[in-house]
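Read through the structure below, which is laid out as structure tokens, and then see the notes.
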Amino acid sequence: MDVERVFHMKEGVGEKSYARNSSLQKKAIDMVKHITIETILDLYLTTSPQNLSIADLGCSSGPNTLSVIKEIINAVKGTSRKIRRPVPEFRVSLNDLPSNDFNSIFMALPDLYQELGKDQRRENSSLIFISAIPGSFYGRLFPSSSQHFIHSSYSLHWLSKVPPMLYDKEGKSINKGKVYISEESSPMVSEAYLAQYQDDFALFLRSRSEELIPGGRMVLVFLGRQGCDHSDRGNSFLWELLSQSLAIMVAQGQIEREKLDSYDVHFYAPSKEEIEDEVIKEGSFTIDCLEMFEIERDESHVARSYGSTVTTTVRAIQETMICHHFGEGIIDELFEIYGKLVDKELAKEDIRPITYISAKPTVKIPPGSLGLPFIGESLEFLAANNSNKGIYDFVQTRRLRYGNCFKTRILGKTHVFVSGTKSAKAVLSNDENFTKRYVRSMAELVGDQSLLCVSQEQHQLIRNRLSHLVSTESISKFIKHFDQMVLNSLANWEHRDVVNVLQDALKITFNGMCKMLMSLEDANELEKLQNDVAQICEAMLAFPLKLPGSRFYKGLKARRRVMDTLKIMMDTRRKGLEKYHDDFLQSLLEEEKTPCHDAPILTDTQIQENILTLIIAGQVTTASAVTWMVKYLDENQEIQEAIRHQQQKLSLKTPPGSSLTLEDLNEMPNAYKVVKESLRLASIVAWFPRIALKDCEVEGFKIKKGWIVNIDARAIHEDPSLYHDPTKFIPLRFDDELKPYSFLAFGTGGRTCLGMNLAKAMMTVFLHRLITTYRWKVIDSDVKLEKRALFARLRSGCPVSVTPLAPK
Ligand code: HEM
């Protein structure tokens with residue numbers, strides 16, 4: 001049966017209508033009123049919204065929904081007055097299935113408006129906007145992050161459908177003669193109901209978590225059962241009596257047996273444990289309070305027995321379904337039989353036939369969409385990667401939509417993005433709760449022995465081994481070589497009409513890294529290796545498809561070639577077939593000759609994979625940063641001139657033809673500020689991923705073990721509360737002291753960039769030589785970014801034409 005089309009409470013305001021037979025539901029609402037009011041006020045005081053969005057899900061057609069809305073609005077208005085805050089505007093959404101009788105609610109609106117003092121014509125009257133949202137609450141009803149408070153009373157025990165598992169292969173019910181779980185039902189019946197409840201409730205929670213604002217609240221009241229036993233005297237007995245009434249009519253020949261056998265209600269009364277389990281499993285909410293209570297018997301209606309109140313209530317909620325299935329002709333007689341059975345049962349024992357559960361969950365997980373099942377938002381992520389807006393656009397659009405902390409799902413993993421110096425500290429400097437772990441596909445490309453991918457225990461060991469690459473002594477030696485490389489490259493710029501800065505920078509940094517790491521200087525070999533490394537980088541953000549021809553597959557092939565080249569190089573050196581080189585690889589090989597107990601030597605794979613890692617980590621990052629620096633200086637001619645002036649003065653101090661030294665660089669504080677400001681504005685590594693090792697909290701949101709928390713460095717670099725005029729290029733801003741964790745170009749904590757000083761030195765050397773050799777003009781101001789780039793870089797490569805300066 002199509003529940004969504006057929007199911008609704010008995011419409012209208014007649015004697016048998018839901019509107020006139022929902023006093024039990026009203027009692028339930030009244031009994032949890034204190035919880036509802038306390039929750040909405042707490043929410044109002046903590047979020048102070050100008051517009052307060054309230055939704056009542058499963059509002060039905062009687063007066064109950066408007067009475068809740070009235071209580072809520074009055075409570076908020078009263079509190080606003082007390083604390084002298086302007087009363088917010090109220091956006092109220094009443095939801096139920098499309099077949100619900102919304103008209104009778106709307107007819108009662110003028111009275112409600114009058115009671116609440118709403119008068120559109122008066123300027124200072126309350127602003128209340130009430131609308132209907134027809135649709136199933138098992139799925140999305142509202143836009144993302146649009147609701148503050150969701151209320152639902154007496155609805156969530158209705159499932160989205162009769163559990164399909166109740167029917168065998170031939171479509172025959174396995175619960176013959178019964179309409180719900182009864183003592184005689186097989187365990188498969190309760191399993192079928194529980195499974196449907198779990199699916200539905202998880203979908204309900206997931207949908208609401210996306211619709212509520214961060215910290216949004218819900219109060220849910222629904223029928224439940226007291227213990228784990230499925231057939232109880234609280235709820236299932238009402239259905240048992242309905243089964244018995246229908247069976248009597250079968251015996252009387254008024255209903256066909258088959259009709260009874262194929263009728264099952266789409267209802268489930270969960271236990272407290274089942275609710276808790278589902279909330280924990282789904283993970284979007286925490287439960288602030290979960291209470292169970294019984295409706296007191298109301299004997300005040302002398303004209304009506306309690307039994308007949310129960311009977312008319314059940315009739316009002318079941319009539320549409322029963323009529324649809326059995327035909328309208330049986331309804332009066334059925335409920336006459338039912339009423340007698342209810343009276344008889346109630347006379348035997350003081351049963352409180354209805355047990356309610358009130359749950360008050362708060363959204364504690366970050367807002368944001370998890371996208372489609374399985375795929376999540378991977379397609380959107382890959383689409384951003386494939387576009388000229390760059391991959392960060394994926395993050396930025398969501399940050400603007402959801403705020404500074406949001407979640408998404410990419411390639412099978414839940415990712416949370418956070419920006420804020422506090423979260424940067426909490427995540428990047430807390431090795432107990434978070435660790436760095438790259439996705440499997442990344443590890444396949446750089447290798448699982450790469451510093452980027454090794455386990456936390458191994459990380460320190462390998463990092464120690466690699467760190468002499470960036471010792472002061474090593475950098476000092478390197479600077480001389482690198483300076484020469486820059487001079488050689490710049491020498492031919494004046495003979496070229498257009499110089500693609502990025503391409504030249506990529507070449508210089510690549511050659512520089514290869515010289516430092518393994519003294520590789522042969523132009524052909526360098527070119528081959530550079531192409532392979534470029535293919536590996538491209539594959540890092542590709543879909544990990546190992547199909548021949550795919551980018552990922554090509555990346556894996558390129559990795560193999562690089563590994564082989566490095567292995568040959570190591571073996572040749574070990575056999576003494578090459579002259580001695582004073583480089584990083586040699587220093588690692590030398591360690592093999594004098595092994596040290598405390599620090600085991602690196603294996604061949606560890607050496608190969610980490611040399612590849614250092615090239616990847618050092619080349620493109622530094623070249624991209626250099627390119628952005630050239631662009632920013634072109635856009636800020638005054639700053640360029642001022643720095644040129646200072647650098648020219650410094651170069652007067654060094655003898656002509658001599659190479660730059662580390663000491664020279666230390667004399668260039670303002671050039672260094674240009675480097676730093678370029679790194680801030682460009683945010684080359686835009687975010688840093690960490691995996692949560694345990695359930696914890698970030699920015700007040702729950703983070704579950706296994707989620708990936710990404711510190712959004714770019715958002716921090718663009719935060720106006722940390723940097724005045726953050727989009728402007730102002731190197732001298734670094735004269736002022738920085739707030740902790742506000743400059744993250746090289747990360748922070750145990751995973752801070754290993755090559756930080758090397759990168760800064762390379763950029764400063766390049767800046768000094770360029771600015772003292774040429775004036776330049778960027779000839780293509782296109783700001784589109786390169787597709788599929790791991791680090792943001794200009795698609796145009798920043799083409800410039802140069803004019804030589806007069807020799808000093
Ligand atoms: C301007 C150039 C560079 C920038 C912007 C940069 C940025 C970064 C950042 C932000 C991290 C930390 C990422 C995280 O915490 O998740 C990092 C890590 C790293 N960088 Fe750099 N980097 C640059 C140049 C270099 C160079 C030249 C090298 C080569 C020596 C290098 C080697 C590394 C390594 C090995 C790591 C991993 C450290 C670890 O996990 O312990 N980087 N880099």
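Quick check: anything in region 484-502 open to solvent by 50 Å² or more (accessible area, probe 1.4 Å), of a type in the set (G, A, S) and assigned to a helix (DSSP H, G or I)? So far as region 484-502 goes, yes, one or more of its residues are open to solvent by 50 Å² or more (accessible area, probe 1.4 Å), of a type in the set (G, A, S) and assigned to a helix (DSSP H, G or I). Of everything listed in (1) out of contact with any strand residue (DSSP E or B) (no Cβ under 7 Å at 6 or more places or on another chain); (2) over 30 Å from R140 (Cβ atoms), the single unmet condition for S387 is (2).
Can you find a residue that is over 22 Å from P214 (Cα atoms) and β-branched (V, I, T) anywhere in region 105-126? Yes, the conditions are met somewhere in region 105-126.
Residue check, N610 against (1) within 21 Å of R775 (Cβ to Cβ); (2) within 16 Å of the ligand (Cβ to nearest atom), all met but one. Which one? Tallying (1) within 21 Å of R775 (Cβ to Cβ); (2) within 16 Å of the ligand (Cβ to nearest atom), N610 fails exactly one: (1). Looking only at residues of region 753-777 that are open to solvent by less than 30 Å² (accessible area, probe 1.4 Å) and either in contact with an Asp or Glu (Cβ under 8 Å, 6 or more places away or on another chain) or not hydrophobic (A, V, I, L, M, F, W, C) (or both), we find that the one that is farthest from the ligand (Cβ to nearest atom) is Y774. Against the definition (β-branched (V, I, T), open to solvent by 40 Å² or more (accessible area, probe 1.4 Å) and in the same structural domain as E635 (by the TED database)), how does V685 come out, yes or no? Yes: the conditions hold for V685. Considering the conditions (1) more than 11 Å from the ligand (Cβ to nearest atom); (2) modelled with pLDDT under 95, L633 is excluded by exactly one of them, (2).
Just one of the listed residues (E183, E256) is under 23 Å from Y167 (Cα atoms) and out of contact with any Ser or Thr (no Cβ under 7 Å at 6 or more places or on another chain), namely E256.
For every residue, the table says whether it meets (1) closer than 23 Å to N385 by Cβ; (2) crowded, with 16+ Cβ neighbours inside 10 Å.
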position	(1), (2)
L520	no, yes
N531	yes, no
E538	yes, yes
G549	yes, no
G576	no, no
K579	no, no
L588	no, yes
T605	no, no
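When the criteria are applied in full, R437 meets the requirement of being among the charged types (D, E, K, R), surrounded by 17 or more Cβ atoms within 10 Å (Cβ to Cβ) and modelled with pLDDT under 90. Any chance you could count how many residues in region 659-680 are open to solvent by less than 30 Å² (accessible area, probe 1.4 Å) and under 36 Å from the mean Cα position of the chain (by Cα)? The total comes to 6.
For (1) farther than 25 Å from E538 by Cβ; (2) touching a residue at least 24 places away in the same chain (Cβ under 8 Å); (3) touching a helix residue (DSSP H, G or I) at 6+ places or on another chain (Cβ under 6 Å), each residue gets a yes or a no:
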| residue | (1), (2), (3) |
| --- | --- |
| L577 | yes, no, no |
| Q606 | no, yes, no |
| T613 | no, yes, yes |
| K631 | no, yes, no |
| Q640 | yes, yes, yes |
| P655 | yes, no, no |
| L662 | yes, yes, yes |
| E677 | yes, yes, yes |
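Looking at E638, E677, just one residue is more than 16 Å from the ligand (Cβ to nearest atom) and of a type in the set (D, E), and that residue is E638. Has region 548-556 got any residue that is within 40 Å of the chain's Cα centre (by Cα), touching a residue at least 24 places away in the same chain (Cβ under 8 Å) and not in a helix (DSSP H, G or I)? No.
When V501 is tested against (1) of a type outside the set (F, W, Y); (2) within 30 Å of L589 (Cβ to Cβ); (3) within 15 Å of the ligand (Cβ to nearest atom), exactly one condition is not met: (2). Every condition in (1) within 16 Å of the ligand (Cβ to nearest atom); (2) among the aliphatic types (A, V, I, L, M); (3) in contact with a Ser or Thr (Cβ under 9 Å, 6 or more places away or on another chain) holds for V418 except the one numbered (3).
Here M516 passes the criteria (1) of a type in the set (A, V, I, L, M, F, W, C); (2) within 14 Å of the ligand (Cβ to nearest atom); (3) assigned to a loop (DSSP other than H, G, I, E, B) except the one numbered (3). Within region 688-726, the residues that satisfy the criterion of being open to solvent by less than 10 Å² (accessible area, probe 1.4 Å) and more than 15 Å from the ligand (Cβ to nearest atom) are V698, I703, Y723. Those strands (runs of 3 or more DSSP E) of region 83-198 in which at least 2 residues are surrounded by fewer than 17 Cβ atoms within 10 Å (Cβ to Cβ) and within 33 Å of the chain's Cα centre (by Cα), considering only elements entirely within it, cover 128-134. Take S455 and tell me if it is open to solvent by 40 Å² or more (accessible area, probe 1.4 Å), within 14 Å of the ligand (Cβ to nearest atom) and among the small types (G, A, S). Yes; evaluated as a whole, the condition is true for this residue. From Q619, Q637, which residue is of a type in the set (S, T, N, Q) and open to solvent by 40 Å² or more (accessible area, probe 1.4 Å)? Step by step, each of Q619, Q637 is checked, and only Q637 is of a type in the set (S, T, N, Q) and open to solvent by 40 Å² or more (accessible area, probe 1.4 Å).
Here is the figure for region 734-750: residues that are away from the ligand (no atom under 12 Å from the Cβ) and open to solvent by less than 30 Å² (accessible area, probe 1.4 Å) total 2. Residues of region 44-59 that are open to solvent by 10 Å² or more (accessible area, probe 1.4 Å) and assigned to a helix (DSSP H, G or I): L45, T46, T47.
Here is a check on your reading of the model: is E473 open to solvent by 60 Å² or more (accessible area, probe 1.4 Å), away from the ligand (no atom under 13 Å from the Cβ) and in a helix (DSSP H, G or I)? Against the criterion (open to solvent by 60 Å² or more (accessible area, probe 1.4 Å), away from the ligand (no atom under 13 Å from the Cβ) and in a helix (DSSP H, G or I)), E473 qualifies.
The values are calculated or read from the model by the stated rules, or taken from the named source; none is laboratory data. What you see is a predicted model, and the numbers here were worked out from it, not measured in a lab. So basically every Cβ, Gly included, is an ideal-geometry build from the backbone, and we count neighbours across all protein chains shown. Accessible surface areas use protein heavy atoms only, side chains included; no ligands, DNA or RNA. Shrake-Rupley method; radii C 1.70, N 1.55, O 1.52, S 1.80 Å.
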